[in-house]
Amino acid sequence: MSESIILTDAGLLPEDLLPDVSHLVTEDDEPLDNLPSEKQQRLLTETLYSSWNGPSNSQDFLVAANVGLFPSNKQPPIVPDVFLSLDVQVADNWWERRHRSYFFWDFGKPPEVVIEIVSNREGNETGRKIVEYARMRVMYYIIFDPTRQLGGEVLQMYELRGRQYIPMSEQWLTEVELGLCLWEGAYEGKRDVWLRWCDATGNVIPTGAERAELERLRAELEREAKEAALQRAERLAAQLRALGIEPEV
């Protein structure tokens, strides 16, 4: 975080004091990403909107992929693969230039979590980025390196302590009330090892499709249970009639 971040004690600047953003590049219209990373980003964003209500002490959240973080209007943004920010709302007039990106003076705070998905050694995830995110005061910094491009663990998790990141010994983000875990399975027809959000017991937060399938299976089990109960009742009634006893309806 640059020391020129513009925030008041209340967090947000008055409308008439918002900085000019007309010179800032909020999007370059030249995205270039790979298929695995794109699908992984969607898994991390769609899941929360489909199946998570936010932590117990928070009302709203924003999770996004490839959106610029602007700590100051005097420096270029840094663009994480995915970020999660609690207690924020996207402006209704989000097509206005001053609301299109994550401007710290607009949202009043940095995100709680940033995630970088490594596909090559060009991203400098353990160099420049880890320094920049610490300066921004991002609470948790996550590196997912599925092909071990950086030579370390597939999942590296850091928590901000003071002004620097400390490696985490567990995969639970206490202040966010979410965990992150490696999950082997199929997502949108592609089987791989994926980075997934999970709850305190290690169960993955389901996607919308997974929730729908769970509901279908639950309904099927309930139907089968009712049918089995009905068949048992019919067998019992037949046995009673064989003994000359008319069962009560």
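The values are calculated or read from the model by the stated rules, or taken from the named source; none is laboratory data. Keep in mind that this is a model prediction, so the values were computed, not measured. Note that each Cβ is placed from the backbone with ideal geometry, even for glycine, and that neighbours are counted across all protein chains shown. SASA here: full protein model, heavy atoms, side chains in, ligands and nucleic acids out. Shrake-Rupley method; radii C 1.70, N 1.55, O 1.52, S 1.80 Å.
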- line: Rounded to the nearest 10, the angle in degrees between the Cα long axis of helix 35-51 and the longest principal axis of the Cα atoms of the chain comes to 60
task: Give the relative contact order (percent, whole number) for the chain; include only Cα pairs under 8 Å separated by 6+ residues.
output: 16
- prompt: What dipole magnitude, in Debye to the nearest 20, does region 207-248 give about its Cα centre under +1 on Lys/Arg Cβ and -1 on Asp/Glu Cβ?
  reply: 100
query: Can you give the calculated 222 nm mean residue ellipticity of the chain, where each DSSP H run of n ≥ 4 adds -39,500 (n - 2.57) and the sum is split over every residue, rounded to the nearest 500 deg cm²/dmol?
result: -8500 deg cm²/dmol
- line: Of every hundred units of 1.4 Å-probe accessible area on the chain, the number belonging to carbon and sulfur atoms, as a percent, is 51
The chain, accessible area per residue, ligands and nucleic acids excluded (1.4 Å, Å²): 59
- line: In debye to the nearest 20, the charge dipole size for region 170-248, taken about the Cα centre with +1 at each Lys and Arg Cβ and -1 at each Asp and Glu Cβ, equals 400
query: If you compute Cα extents along the principal axes in Å for the structure shown, which of (1) 92, 46, 36; (2) 53, 37, 30; (3) 51, 41, 34 do you land on?
result: (1)
query: Given charges of +1 on the Cβ of Lys and Arg and -1 on the Cβ of Asp and Glu, with all other atoms neutral, how large is the dipole of the chain about its Cα centre, in debye to the nearest 20?
result: 540
- line: If R0 = 35 Å, then ASP92 and ASN53, at their Cβ-Cβ distance, give a FRET efficiency to the nearest 0.05 of 0.95
task: Kindly identify region 67-163 as rounded, prolate or oblate by the Cα gyration tensor criterion: order the square roots of the eigenvalues as a ≥ b ≥ c, call it rounded if a/c is under 1.5, otherwise compare a/b with b/c, prolate if a/b is larger, else oblate.
output: prolate
- prompt: With point charges of +1 on the Cβ of Lys and Arg and -1 on the Cβ of Asp and Glu, referenced to the Cα centre of the chain, which listed residue (VAL67, LEU243, ILE78) lies farthest in the positive direction of the dipole?
  reply: LEU243
- request: Determine, for each peptide in 58-64, 110-116, 122-128, the mean count of other beta carbons within 10 angstrom over its residues, then list the peptides with the highest first.
  value: 110-116, 58-64, 122-128
- request: Sort 154-165, 221-232, 96-107 for me by packing, meaning the mean count of neighbouring Cβ atoms within 10 Å per residue, highest on top.
  value: 96-107, 154-165, 221-232
task: At 0.36 nm per residue, minus the direct Cα-Cα distance, what do LYS190 and LYS74 gain on full extension? Give it in nm, one decimal, please.
output: 37.6 nm
- prompt: R0 = 22 Å: FRET efficiency of THR201 with ARG163, Cβ-based, nearest 0.05?
  reply: 0.10
- prompt: Can you give the extra length, in nm with one decimal, that the chain gains between ILE245 and GLU153 once fully stretched, where that is 0.36 nm per residue apart less the Cα-Cα distance?
  reply: 26.0 nm
